[in-house]
Amino acid sequence: MHYWRKIKRRFIGGRLIKTGIAVLLTAFVCGIFDLPQAFAVITAIVTLEPTAAASIRKGAQRLPATVIGAALAMITVYLFGPTPVTYMIASVLTLYFCNILRLRDGMLVATITAVAMIPTASDHYFLTFVERVGTTFIGLAISTVINLTILPPKFSSLLAEQNRKMFVETAEIFELRLEEVMNGRRPSAQVMEKYHQLESDLERAIQLSYYQQEEWKYHKKKDTEVRRFTREQRQLHFLERISYHINRLFNFETDDCTFTKEEVQLIGEIIPAMSQTIHHFGERISDEQFRLIERLDRCFWKKRQHASRPNIKKYHHHFSTDVIIIFALLSIHDVLEELEELHFPEQPEQQQTPRPS
């Protein structure tokens, strides 16, 4: 039973179900009016977007683009017949006019329509044109209505799941890269691959966030859903900032580090503490981490003051490698404090009790 549920979650999603329903209804409607079903079904499949908003927005471009493609197909067949040159001219002109008229979202459907009409064209060119445009409209309209009314996607839950996954990935990358830094090693291929994967996951999460905002334009939303989504959006923003600061740890030569043994030991204690805080992002930051960060802050200003002194013997860098590393750690801790405040907003009576120092 558990295995079957896993298979269903993996292969049977809302979009798959909506595609099946859209194809069935499109073929059924075309059958009633004795119209060719293939064009309409292809259109229904191609135009089913992740969100209803995207279906409506792109549908407004795909219908006129299809009209252009169908018209050009009939004109070129009339002039040149069903030859290889006809396919070339029809497809190139369709793409050209769609681009000129800024119907870029309709290019694919229009070109498919134009090319597919050429071998089936008869002497009744105008009737063929009307028939193909009609079937395309049926497929487009049905897929849009299905997308708008049946199984509206819940991108908030997908975003929450993606965020949890990325916090775990971020904690791992943070710890692995800083261990390399403190041991004077360049970024390994494994860590670089993990970081690039994190960047890809962040892009996907941002897309999910955009999808949810688009979807709410056409569906009612509850206040609880909005609050939950807003929290996930803020957590995603915090993840972006942490990723930005981690990226700093890849962009310097580790040979330039001049940490003392005490500083190496301090950072060695901070790394696992902060990694755990990132991993368990919904929990409070430990008092021990605050104490370690306070010591690191004093170290930062000491090194910053030393780095600001001009050195006449060589090119002067205003930010040494040590300062960059410590600054990245302090910056990530600042983000984690904001994240903690998101999950544990302080009450007036709590604000009177400062965190340990």
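The values are calculated or read from the model by the stated rules, or taken from the named source; none is laboratory data. Treat the numbers as computed from the prediction; the structure is a model and nothing was measured. Here the Cβ positions follow ideal geometry from the backbone for every residue, glycine too, while neighbour counts run over all protein chains shown.
Of all residues in the stretch 131-144, one or more are closer than 20 Å to Thr51 by Cβ and among the polar types (S, T, N, Q).
You will find that of Leu159, Leu178, the residue that is in contact with a Phe, Trp or Tyr (Cβ under 9 Å, 6 or more places away or on another chain), assigned to a helix (DSSP H, G or I), buried (at least 20 other Cβ atoms within 10 Å of the Cβ) and not assigned by TED's automatic domain parsing to the domain that holds Arg62 is Leu159 and no other.
Looking at the stretch 210-232, can you tell me whether even one residue there is at pLDDT 95 or above and of a type in the set (Lys, Arg)? No, the stretch 210-232 has no match at all. Of the numbered criteria (1) of a type outside the set (Asp, Glu); (2) under 17 Å from the mean Cα position of the chain (by Cα); (3) not in a helix (DSSP H, G or I), the one Gln207 fails is (3). Restricting Phe259, Phe281, Phe252 to those that are under 17 Å from Glu169 (Cα atoms), assigned by TED's automatic domain parsing to the domain that holds Glu199 and either modelled with pLDDT of 90 or more or outside any helix (DSSP H, G or I) (or both) reduces the list to Phe281.
Within the stretch 103-134, how many residues turn out to be in a loop (DSSP other than H, G, I, E, B) and free of Cβ contacts under 8 Å to residues at least 24 places away in the same chain?
Residues that pass the stated criteria total 3.
Pairs needed: first member in the stretch 145-156, charged (D, E, K, R); second member anywhere, at pLDDT below 80; C-beta distance under 9 Å; at least 6 residues apart or different chains. Final answer for the pair search is Lys154/Gly14.
Looking at Ile146, Ile142, Ile173, Ile138 in this structure, which one is within 28 Å of Glu253 (Cβ to Cβ) and assigned to a helix (DSSP H, G or I)?
Ile173
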